[in-house]
Amino acid sequence: MAKPTTSAQQTDNVAHALAGAGGGLLSMTLTYPLITLSTRAQVESRRLSSQTPSSSSTTNASPSTLAAARHIIRREGLSGLYSGLDSALFGISVTNFVYYYWYEWTRSFFERRKSSAGQIASRLSAWESMMAGAIAGSATVLITNPIWVVNTRMTAMASTQESSGDVETGEGGGKEQASKRKRKASTLATLYSLCKDEGMLALFAGVLPALVLVINPILQYTIFEQLRDWLERRRKAKGLGAGLNAWHVFLLGAIGKLAATSITYPYITVKSRMHVAKKGDGGTEGKEGMGASLRRVVREEGWSGLYKGIGPKVTQSVITAAFLFAFKDALYAASVRARKTIPAKLPVK
């Protein structure tokens with residue numbers, strides 16, 4: 001088998017990256033309301049704790065996902081479920097593009113190394129998948145963390161202003177309308193306000209837990225790759241052919257993400273709270289390290305506090321990942337067909 005040229009491999013890496021970005025856009029749009037509910041559930045306990053520190057029962061209470069959705073729709077309309085969607089779509093497209101580019105680059109590096117050593121360049125081993133995920137995930141975090149800080153701040157902002165709006169509406173409807181207008185801050189306005197009030201370093205709030213959370217895609221893609229390899233071998237042994245359809249990819253993507261998110265959720269909680277924390281808010285939370293934040297949550301809210309909002313988060317993560325893998329596979333296959341078809345249609349000079 002002829003080895004792909006450097007330019008051909010580069011084209012393939014970009015094709016994977018574009019397919020990942022497109023799949024991310026589609027899957028994020030479908031599941032974004034669940035992200036809103038999960039983010040608000042994570043930051044709500046912090047707000048309730050600061051408002052009623054002596055009432056543990058209030059702090060530990062949390063509305064159901066359905067009740068939270070009804071409350072958001074009643075207060076803000078359906079658009080409230082999509083607060084911060086524009087920055088999320090930009091973030092997921094950049095995140096997936098960077099991640100898949102570096103993942104495929106690392107994969108091709110391992111395959112070239114196997115080929116030069118005289119080995120058959122098959123699918124990555126579990127160790128190679130983990131290394132590829134670590135490299136791609138670390139690069140992605142450092143490049144895209146500012147985008148997700150802004151997105152998380154926008155998503156939580158509506159809930160923060162809603163709390164103050166509840167007090168103001170007792171004095172008249174005008175203040176309620178003013179509160180609603182405040183919630184419509186754009187992505188650029190939020191970015192400007194964040195940098196002006198807290199400095200550029202605020203854009204990298206939570207970067208340490210985000211780097212720790214690189215283990216999430218490592219686990220996700222390692223589980224996905226190994227399950228896909230196992231299923232393809234099993235199908236081939238039964239004479240069904242090694243190829244997988246979109247439904248297989250959908251299920252394998254869901255299983256990989258379910259395992260990864262369930263394991264890493266406490267760090268997801270800490271990362272969201274560090275993104276929302278502001279300088280001078282509560283005095284220390286914005287300056288706490290990851291370990292201190294974990295211990296404080298357990299101390300103030302119990303172990304269940306680390307899993308606040310896990311229901312909608314796991315649901316959203318699993319569905320998003322399943323759609324992402326299915327869409328990405330379909331988009332990449334389409335790009336392969338296009339690359340084969342377009343040169344054949346070009347006139348020969």
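The values are calculated or read from the model by the stated rules, or taken from the named source; none is laboratory data. Note that this is a predicted model, so its numbers are computed, not measured. Backbone-built Cβ (ideal geometry, glycine too); neighbour counts: all protein chains shown. Just so you know, the surface numbers come from the protein's heavy atoms only, side chains and all, with ligands and any DNA or RNA stripped out. Shrake-Rupley method; radii C 1.70, N 1.55, O 1.52, S 1.80 Å.
Tabulated results
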| item | result |
| --- | --- |
| The one condition in (1) at pLDDT 55 or above; (2) out of contact with any Gly (no Cβ under 8 Å at 6 or more places or on another chain); (3) open to solvent by 60 Å² or more (accessible area, probe 1.4 Å) that VAL14 fails to fulfil | (3) |
| The stretch 19-37 residues that are farther than 21 Å from TYR103 by Cα and open to solvent by 30 Å² or more (accessible area, probe 1.4 Å), paired with ones that are at pLDDT below 85 and not aromatic (Phe, Trp, Tyr) (beta carbon under 6 Å, 6 or more apart) | LEU34/PRO312; LEU34/THR315; LEU34/GLN316 |
| TRP148 being at pLDDT 80 or above and either charged (D, E, K, R) or open to solvent by 40 Å² or more (accessible area, probe 1.4 Å) (or both) | no |
| Matching residues, the stretch 306-349, being at pLDDT 80 or above, buried (at least 21 other Cβ atoms within 10 Å of the Cβ) and small (Gly, Ala, Ser) | ALA321, ALA322, ALA326 |
| Condition check for LEU251: open to solvent by 40 Å² or more (accessible area, probe 1.4 Å), over 24 Å from ILE135 (Cβ atoms) and at pLDDT 85 or above | yes |
